[in-house]
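First comes the structure, then the notes that go with it.
The values are calculated or read from the model by the stated rules, or taken from the named source; none is laboratory data. Since this is a predicted model, take the numbers as computed values, not measurements. Methodologically, a virtual Cβ is constructed for each residue, glycine included, from the backbone with ideal geometry; neighbour enumeration extends over all protein chains shown. With ligands, DNA and RNA removed, areas are computed over all heavy atoms of the protein, side chains included. Shrake-Rupley method; radii C 1.70, N 1.55, O 1.52, S 1.80 Å.
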Amino acid sequence: MISDRELEVLINEVFEYYGYDFSGYSRASLKRRVDRLYQIDGFTYFSDLLSKVRSEPGYVKHLVEEVTVNVTEMFRDPLFYKVVREEILPVLATKPFIRIWHAGCSTGEEVYSMAILLKEANLLHKSLLYATDINAIVLDTAKKGVFPLRMMKQYSENYMISGGKNDFSDYYTANYGLAKFSDEFTGKMVFSQHNLVSDGSFNEFDLIMCRNVLIYFDKNLQDRALQLFDNSLAFLGYLALGTKETIKFSTVQDRFQQLNREKIWKKVK
Amino acid sequence: MEEGKINVKCQVVIIGGSAGSLEVLLQLLPNLNTLNSFALVIVLHRKSGEDNLLENLIRLKTKVPVQDVDDKTPLEPGNIYIAPSDYHLLFEKDHTLSLDTSEKVNYSRPSIDVAFESAAEIYERTLVAILLSGANADGTKGLEIVKKSGGITVVQKPASAEVPFMPVNAIANMQPDYVLDINEILKFVTNINL
């Protein structure tokens, strides 16, 4: 296990050498992730980790990949997607063009879920899904739209709970243990690297999805990210967070109205 | 509390359990009227996606306030906090709770080991960790770390556990400070900070 002081040294080095700023990350989780990396990569001394970070840019890429959490699934929290399907998309449907931002999209499972919802609402043709993540490696996976076939049984169940009426397997082709999702979806997606800590607003959106990303930030950084979302949302646009995330403790709170029990807020100011 | 055992005030009591542990809580909680200036955190293995069922059930059984756990919820004495399904529960230095969706540990999320370890790191000697009935090895490693950090460890007496594997595994691999049956656990918790 690394000490609190060593963690702070590592955070500083990674920032100074490579510009990745983890100083606003929640320490409890970050420390677990770094400990895990330390074990997986078989370090005995902290100084070895440090010199590898200083001398090998490729290793820092790996560090960023391992330290950020990339656990995701299609139609994660199916009842959330049911609300999007039944209450949010009918409102977005009235717009000539729909822009959605998946901030911290990881390997893209939730982006494809949204594309399926848009297609079923007959809105995909006038939608654009921007999907960003700090981690370039997961974005490469997301772009391909290829996921393990063994996950499809669970995703298909999630899809049905979310109110899906079609045969889920119509959306992908199965091959050698992989499920490849239709190019029709990928064609409506734009993937790019974006760091919520240091990068600014790049467009105006009707819906921002950022689910289970803010939990890894401390309160200050959460607040900054929420301000970024506020600046990137159209008037009456929606912000969707993870089921246990809230804007309750933030300064943008009074600019938003919570929809219902789901973690969806409408920008009202 | 045994004489001379604790001179430090306990800030947090954390209870971990799996199969058969809900029944223990439903016997314990109705008999607890207040918590003597500590927070009670409950980490149970539970079905993913199950919505507030456990929270509502426990609310029915106790007079102590049960707070909803969102990310960064402040941990305050006198309240009960229940780890939500599908997240690991972590403790921060500023006495807030953090959530984490990283890989399952011991096939579990929330994992008792993860929560115990994280609580031990922040609360050290002011932590009491109690491991109840269950069918897997989760919790043993966490208890060891609680003990190493100076906290007090309690394991449910296997004979009183519906599924004894979890307490048996703990007792076989570390030396808990106390091995107690359900009534003794109640007495123990009631006497904390008295």
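General remarks:
- Look at (1) open to solvent by less than 30 Å² (accessible area, probe 1.4 Å); (2) in contact (Cβ under 8 Å) with a residue 40 or more places away in the chain and you find that residue B:190 fails only one, number (1).
- Considering the conditions (1) open to solvent by 10 Å² or more (accessible area, probe 1.4 Å); (2) modelled with pLDDT of 95 or more, residue B:33 is excluded by exactly one of them, (2).
- Of note, residue A:132 does not satisfy the criterion of being of a type outside the set (Lys, Arg) and either more than 16 Å from the chain's Cα centre (by Cα) or under 20 Å from residue A:79 (Cβ atoms) (or both).
- Criterion (polar (S, T, N, Q) and within 30 Å of residue A:18 (Cβ to Cβ)) met by exactly one of A:135, A:175, A:166: A:135
- Restricting the search to helices (runs of 4 or more DSSP H) fully inside region A:1-79 and requiring at least 2 residues that are within 14 Å of chain B (Cβ to nearest Cβ) gives A:4-18, A:27-40, A:57-67.
- Output for region A:109-157, where each listed residue is within 27 Å of residue A:64 (Cβ to Cβ), touching a strand residue (DSSP E or B) at 6+ places or on another chain (Cβ under 6 Å) and free of Cβ contacts under 8 Å to residues at least 40 places away in the same chain: A:146
- Every residue from region B:36-68 that is within 14 Å of chain A (Cβ to nearest Cβ) and modelled with pLDDT of 95 or more: B:41
- Residue under evaluation residue A:14, criteria (1) within 22 Å of residue B:117 (Cα to Cα); (2) within 23 Å of the chain's Cα centre (by Cα); (3) open to solvent by less than 20 Å² (accessible area, probe 1.4 Å), criterion not met: (1)
- Output for region A:213-243, where each listed residue is surrounded by 22 or more Cβ atoms within 10 Å (Cβ to Cβ), assigned to a helix (DSSP H, G or I) and within 11 Å of chain B (Cβ to nearest Cβ): A:214, A:215, A:216, A:222
- Strands (runs of 3 or more DSSP E) fully within region A:108-188 counting 1 or more residues that are surrounded by fewer than 14 Cβ atoms within 10 Å (Cβ to Cβ): A:146-148, A:172-175
Quick grid of which residues meet (1) among the polar types (S, T, N, Q); (2) at pLDDT below 95; (3) touching a Gly at 6+ places or on another chain (Cβ under 7 Å):
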site	(1), (2), (3)
A:1	no, yes, no
A:6	no, no, no
A:17	no, yes, no
A:26	yes, no, no
A:58	no, yes, no
